[in-house]
Amino acid sequence: MAAHCGSLIFLAILAQEDMKKKEISVRKIFLFALCAILYRIGVGQLIWGEVVRCLIPGGMLILLSYLTGESIGYGDGTAVMALGLWMGGRFAVLSVCAGIMLSGIYGVSCLIRHRKEPIPFIPFLLLGMEAVLAYA
């Protein structure tokens, strides 16, 4: 339960920053990831093979960011890596999928209204995480 609460607070802080500035603090992500590692050590769940698997969803987003010329920001991928450290790789994948679907719906509404502005992803990741927590 502590991991869920910590992750929600972390994503809420980053979502606010992402909506205001259209960028997120690497320092905050690093602090969150460090807390996740300390949490895993504290509960006796620090298995390096599992840690690597938890980083894969964020790594895939970083690769996608590189391939799309940063249409998806590198910060989004690093935030998902930190989320994976807290919640696990499977949970991170489900949250990212839900976040992508929600941001896609918002993107279509922006297209209909002829708005051409960057869409912050972290708020949708937060909503996706809440949906996964509620239904998975």
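Working carefully through the options 34, 55, find the one that is in a helix (DSSP H, G or I) and either crowded, with 18+ Cβ neighbours inside 10 Å or touching a residue at least 24 places away in the same chain (Cβ under 8 Å) (or both). I'd like the intermediate steps shown before the answer.
Details: 34 fails: either crowded, with 18+ Cβ neighbours inside 10 Å or touching a residue at least 24 places away in the same chain (Cβ under 8 Å) (or both).
Just a single option satisfies the conditions, and that option is 55.
Being over 17 Å from residue 9 (Cβ atoms), crowded, with 20+ Cβ neighbours inside 10 Å and over 11 Å from the mean Cα position of the chain (by Cα) is the filter here, so list the residues in region 104-136 that pass it.
120
Take the conditions polar (S, T, N, Q) and outside any helix (DSSP H, G or I) and apply them to residue 45. Does it pass?
Numbers: polar (S, T, N, Q): yes; outside any helix (DSSP H, G or I): yes.
Here the answer is yes, as residue 45 does meet what is asked.
Select from region 63-93 the residues that are part of a loop (DSSP other than H, G, I, E, B) and free of Cβ contacts under 8 Å to residues at least 40 places away in the same chain and write down the one among them that is least open to solvent (accessible area, probe 1.4 Å). Show your work before the answer.
Residues of region 63-93 that are part of a loop (DSSP other than H, G, I, E, B), as a first pass: 68-73, 88.
Then drop every residue that is not free of Cβ contacts under 8 Å to residues at least 40 places away in the same chain, which leaves 68-71, 88.
Working: 68: 57, 69: 66, 70: 101, 71: 99, 88: 8 Å².
Among residues in region 63-93 that are part of a loop (DSSP other than H, G, I, E, B) and free of Cβ contacts under 8 Å to residues at least 40 places away in the same chain, the one least open to solvent (accessible area, probe 1.4 Å) is 88.
Could you run through region 1-24 and say how many residues are among the charged types (D, E, K, R) and surrounded by fewer than 16 Cβ atoms within 10 Å (Cβ to Cβ)? Write out each step before concluding.
Going through region 1-24, the residues among the charged types (D, E, K, R) turn out to be 17-18, 20-23.
Restricting the remaining residues to those that are surrounded by fewer than 16 Cβ atoms within 10 Å (Cβ to Cβ) gives 20-23.
Residues in region 1-24 being among the charged types (D, E, K, R) and surrounded by fewer than 16 Cβ atoms within 10 Å (Cβ to Cβ): 4 in total.
The values are calculated or read from the model by the stated rules, or taken from the named source; none is laboratory data. Remember, it's a predicted structure, so these values are computed and weren't measured experimentally. Note that each Cβ is placed from the backbone with ideal geometry, even for glycine, and that neighbours are counted across all protein chains shown. Surface accessibility is based on the protein's heavy atoms, side chains included, excluding ligands, DNA and RNA. Shrake-Rupley method; radii C 1.70, N 1.55, O 1.52, S 1.80 Å.
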